[in-house]
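Worksheet: the structure to be examined is printed underneath.
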Amino acid sequence: MTSPITTDASVAAKALKTGHLCAIPTETVYGLAADADNQQAVARVFEAKNRPTDHPLIVHVKDLASAKDWITDLPDWALQLANEFWPGPLTLVGNKTNRVSPLVTGGQNTVAVRVPAHPLTQELLTQLANQGVTGLVAPSANRFGHVSPTTANHVEADLGPYLLTKNDVILDGGKCEVGLESTIVLATGDHPVILRPGAITQSDIERVTGLAVSQTVANKPRVSGSLDSHYAPKAEVKIVSNSQIPDEKDAGFIGPCGINVPENLTVLLSAIDNQDYASNLYQALRKADELGLTKIYAVLPEDNGLATAIIDRLTRAAN
Ligand code: TXA
Ligand code: MG
């Protein structure tokens, strides 16, 4: 084999069932998956990414019924969210069941669980459930701190050589539709708390639950994407207003369309709307490095909703 890439869910299922890793397509970003019950495989996820072991992983399951193997005591409002948004870009953090190993949670008593919507990964989860594997841990399939992958080629660029030497695979499901990681909601109290913004927005959550989202919480758990610097390309990201974009060589531009971009800048992304912005942002950050650009000037999107997640990721990329 010269490339770890496959489009066959049964090849991926076989790899995972036998303790290998498999990068999986989801609607948000590609994840680097391992059987959540297999300690050695889970340990290798941290090794492959060079990720510190105190950064907990999300368990991916087929549906709400399988989620209950891993997460327990969900309040009614969280079940409403699961019923409304699963499969989809929502992760719930709640009390863990005994099945969850401390390796997955970084020793915390809570676990993060989500049901991904990508049809190929749904097929994979169904095949695996028939073979007794009901949960896959899967962090984003990039080296720790780098930009998350939204295509199989991005995964190969970050982790390909490592995966190849270990006979691990990458399941290619095309380009991720949403392009930003899932919304993470803490579901241990009587109000939802957003730990990481994503495509399921605060107003989506308030509409479905009828509850106000709390902005703060005591003993907030750790979320690795909430490190000040994350999602970072090699090029330096600078956030600018649309009237202050410098005209420089070896620099790129990312922003909404309709902006007058100085002529020396390479346009990496000129987004027609926030969905377009979200789904192409990571690709644009990677493109800057491929082109050897040293700086990226980014104009933030307007509006709340999905823009909140875009602004969150760009701000961290700029740190
Ligand atoms: O969209 C996504 O969520 C993607 C795809 C692959 O599903 N996954 C993803 O995984 O973004 P990762 O590992 O890059 O980010 C998972 C986040 C981390 O910020 C982690 O700290 C948080 O989930 N997390 C996991 N378990 C947690 C827990 N028990 N309490 C609080 N945060 C937790
Ligand atoms: Mg990540």
Return a single number: how many Lys pairs in the chain, at a sequence separation of 8 or more or on separate chains, have alpha-carbon atoms below 14 angstrom apart. 7
Applied in sequence order to segment 303-319, the curve 6.51 cos²θ - 1.76 cosθ + 1.60 (Karplus, θ = phi - 60°) yields integer Hz couplings, x standing for Gly and Pro, of 5, 9, x, 4, 4, 4, 5, 4, 5, 4, 5, 5, 5, 6, 4, 7, 7
Apply the Karplus parameterisation 6.51 cos²θ - 1.76 cosθ + 1.60, with θ equal to phi minus 60°, to every residue of segment 272-285 and state each ³J(HN,Hα) to the nearest whole Hz, in sequence, with x for glycine and proline. 6, 7, 5, 5, 4, 4, 4, 6, 10, 4, 5, 4, 5, 5
For THR91, the residues 5 or more places away or on another chain with a placed amide H closer than 5 Å to its own amide H are THR183, ILE184, VAL185
C-alpha center-to-center spacing [segment 18-74, segment 127-201] in angstrom: 8 Å
Long-range HN-HN contacts of VAL267 with modeled amide H, under 5 Å: PHE253
For segment 132-141, take each phi angle, set θ = phi - 60°, evaluate the Karplus expression 6.51 cos²θ - 1.76 cosθ + 1.60, and give the result in whole Hz per residue in order, putting x for glycine and proline. x, 9, 10, x, 10, 6, 7, x, 4, 8
Can you list residues from other chains, or at least 5 along the same chain, whose modelled amide H is less than 5 Å from the amide H of VAL237? ILE296
Keeping all protein chains in place, calculate the accessible area per residue for the chain (probe 1.4 angstrom), answer in Å². 41 Å²
Give the relative contact order (percent, whole number) for segment 72-185; include only Cα pairs under 8 Å separated by 6+ residues. 26 percent
Mean separation of Cα contacts under 8 Å, 6 or more apart, over the residue count of segment 70-114: relative contact order %: 48 percent
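In the chain, once you exclude exposed GluC sites (Glu not before Pro) (DSSP loop, at most 11 other Cβ within 10 angstrom), what's the longest stretch remaining?
Answer from the scan: 1-262.
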Counting Lys and Arg as +1 and Asp and Glu as -1, each charge on the Cβ, what is the dipole of the chain about the Cα centre in debye, to the nearest 20? 840 debye
Quote the relative contact order of the chain in percent (integer), defining contacts as alpha-carbon pairs under 8 Å separated by 6+ residues. 20 percent
Extreme residue, positive dipole direction of the chain, given options ALA33, PRO119, LEU300 (C-beta unit charges): ALA33
Can you give the helix-only mean residue ellipticity at 222 nm for the chain, where every DSSP H stretch with n ≥ 4 adds -39500 (n - 2.57) and the sum goes over all residues, rounded to the nearest 500 deg cm²/dmol? -9500 deg cm²/dmol
Going by Cα centres, segment 77-117 and segment 225-274 are how many Å apart? 34 Å
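The values are calculated or read from the model by the stated rules, or taken from the named source; none is laboratory data. None of the values given here were measured: they were computed from a predicted structure. Positions of Cβ are backbone-derived with ideal geometry, glycine not excepted, and every protein chain shown enters the neighbour counts. Quick note on the areas: whole protein, heavy atoms, side chains included, nothing else; ligands and nucleic acids left out. Shrake-Rupley method; radii C 1.70, N 1.55, O 1.52, S 1.80 Å.
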